[in-house]
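Note sheet for the following structure.
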Amino acid sequence: MPNKEQSDITISAEKPLLTIEEAADYMQLSVNEIKQIIHSEQIQLTTAGSFSGVMFPYIKISEKFYISKNELMVWINETSRERREYAAGTVIQ
């Protein structure tokens, strides 16, 4: 019989985070293209002091990037709806 602590924890069989390589594969982009998107959004945020819209949903632990599966779908939908463009290290909104 499991103890109370074990029975209160529900772990999904599906993992909530993707590696940057898995996200790149899913989006049919290169890892470098995803890193350029992240960098472009960070520059926009730093330069303007704010960012309009949803930013790319990543967590960085040490040197590794992890992407929220659920938030990635939100980001894809919003950037598509806005027809956001990423070019030469900038975000065109």
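Within the set Phe56, Phe51, the sole residue that is assigned to a loop (DSSP other than H, G, I, E, B), at pLDDT 95 or above and aromatic (Phe, Trp, Tyr) turns out to be Phe56. Close Cβ contacts (under 6 Å, 6 or more residues apart or on different chains) running from residues in the range 72-84 that are under 20 Å from Asp25 (Cα atoms) to residues that are hydrophobic (A, V, I, L, M, F, W, C) and crowded, with 18+ Cβ neighbours inside 10 Å comprise Trp75/Phe56.
Listed here are the residues, each with its yes/no results for (1) surrounded by 18 or more Cβ atoms within 10 Å (Cβ to Cβ); (2) farther than 17 Å from Thr90 by Cβ.
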site	(1), (2)
Asn32	no, no
Ile37	yes, no
Gln44	yes, no
Phe51	no, no
Tyr58	yes, yes
Leu72	yes, yes
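Pick from the range 32-52 the residues that are in contact (Cβ under 8 Å) with a residue 24 or more places away in the chain and among the hydroxyl-bearing types (Ser, Thr, Tyr): which of them is nearest to Trp75 (Cα to Cα)? Restricting to residues being in contact (Cβ under 8 Å) with a residue 24 or more places away in the chain and among the hydroxyl-bearing types (Ser, Thr, Tyr), the top hit is Ser52. When the criteria are applied in full, Ser80 fails the requirement of being open to solvent by 70 Å² or more (accessible area, probe 1.4 Å), over 23 Å from Lys15 (Cβ atoms) and part of a loop (DSSP other than H, G, I, E, B).
The values are calculated or read from the model by the stated rules, or taken from the named source; none is laboratory data. Quick caveat: nothing in here was measured; it's all calculated off a predicted structure. Cβ sites come from the backbone with ideal geometry, for glycine too, and all protein chains shown count toward neighbours. Just so you know, the surface numbers come from the protein's heavy atoms only, side chains and all, with ligands and any DNA or RNA stripped out. Shrake-Rupley method; radii C 1.70, N 1.55, O 1.52, S 1.80 Å.
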